[in-house]
Amino acid sequence: MIVEPVVSSRVEPPPLASVNLGLPMPFGRCPADLYDGWVLHEAALRNGLNTLLFPGQALMAFPGEDPTGGVAFAHGVANSTWISAATMVQDKRIRRDVLDAAGIPQPRGRAFSLQRGRTYAKEFAETIGYPVVVKPMVGDSTVEVMPRLRNADDLDQAIDYLWKVPPSRANFTQASYAFTQILSPKTSSSTRTRGTYRYLVEEHVAGQYLRLLLADGRLLSAVHAPGGPWNLGEGVRDVTGEIHADIEAFAQGAAEATPGMPVLTVDIVVNDFTGPTAHENRPVLVEHSERPWMYLQHVADERRISELGHELLQSSARHAGLTLPGSGMGTQERVTFRWEGLSQVAEDIQAAEAAAGQMQLDLRFTSTDPVAGVVCGEVSGPPAVIALLSEFVIDGHVLTAPAMAVETRPA
């Protein structure tokens, strides 16, 4: 009989980052997995678009009266992304096969099951040599990656961590758009995941860790993160103007190998990102994601974030045949809003007014319907802060319960 482990894991993934926004708490930090959606929301407001926001960071941005005549995003991922492509890169074993077929160098790796794979995982780790990296086989890329496991004891603890059912894991995220959600174990009672849940063991590649953000095959940003994407210590910086053309071409090759993602991030390890990719400087692709994960660009140089958001919005607009009505440069906006699905209107109005005051927004309500749970009003201030208020209203950070829909229109 196979007995599930009960050891409390000490090896765990680096914690998910939250981005310092320079606002009073509790609104002064944005979780990394909500950051992309917020940046695209801000870009939509800067460009004078109407917006509709729903749970799961499903954002529609459009001119005129027809929401279908614009662009849409979920967690900052554009609706021009193929759902099959997003699902493929979130199944890392399939992604490895696709990239291998395209000749893209990757760390040596193999998938194992929780229930029966521990012995084989240890044998494989011994074969490729420690340190190794462990990550869930299916799920959001870059998340819950446990790097630099030094020995079999570390590997044991990493596997024990994955025995916890995913929703109970502190660093687990789940995109609202990918079919891989159905492969994530869910349970209402047990704290243990199913034994057929699989994970990857990969060799740890030493070198300079680089994240490359591309849109329509064009490099928008390159960030050097010496400790990896979640160990955000000293030295994280923007190196977009420093990387060698061969490095950019390598990332473009990875994009071409995985069509259907107009925006993607490619994480590589290389000896010297300023040099040509000769044999001794061959890049290795370690992560590949349909999500921009722009929290890392914020850490490197937050002054570029509005520009990147505008670039990503422009990319989506081109795919939709849409001409943006604004310049993308507005610093103050006034919008009307409509919030739907409120459960306690009087209390929610008080909470929203208090939050707006802390965020230095000029907010006023013009109509309320306690029966329908609908409130309308106007708000003025920086587009980034208006967008953040909307995101927090829909995510449950401001009201007594999350709203079901938030609509804004330029006033």
Which whole-Hz ³J(HN,Hα) couplings does region 37-49 yield from phi under the Karplus relation 6.51 cos²θ - 1.76 cosθ + 1.60, θ = phi - 60°, glycine and proline marked x?
x, 5, 4, 5, 5, 4, 4, 5, 5, 4, 8, x, 8
From fewest to most C-beta neighbours within 10 Å, the residues ARG108, ARG46 line up as ARG108, ARG46
Considering the chain as a Gaussian network with a 10 Å cut-off on Cα pairs, which listed residue, GLY233, GLY207, GLY56, attains the greatest mean-square fluctuation?
GLY233
May I ask you to sort HIS310, HIS288 by Cβ crowding, counting other Cβ atoms within 10 Å and putting the fewest first?
HIS310, HIS288
Which of ALA102, ALA72, ALA58 ends up with the largest GNM mean-square fluctuation for the chain, with Cα atoms connected below 10 Å?
ALA102
Neighbour-count order for CYS30, CYS376, fewest beta carbons within 10 angstrom listed first:
CYS376, CYS30
Built amide H within the under 5 Å cut-off of ARG29, gap 5+:
LEU21
Compute the longest continuous run of the chain that contains no exposed GluC sites (Glu not before Pro); treat a site as exposed when its DSSP state is not H, G, I, E or B and it has at most 14 other Cβ atoms within 10 Å.
243-411
On the Cα set of the chain, report Rg and Dmax in Å, please.
22.2, 68
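Computed from the coordinates by the stated procedures, all read-outs in this text should not be read as laboratory data. These numbers were taken from a predicted model, which means no experiment stands behind them. Neighbour counts run over all protein chains shown; Cβ positions are idealised from the backbone, glycine included.
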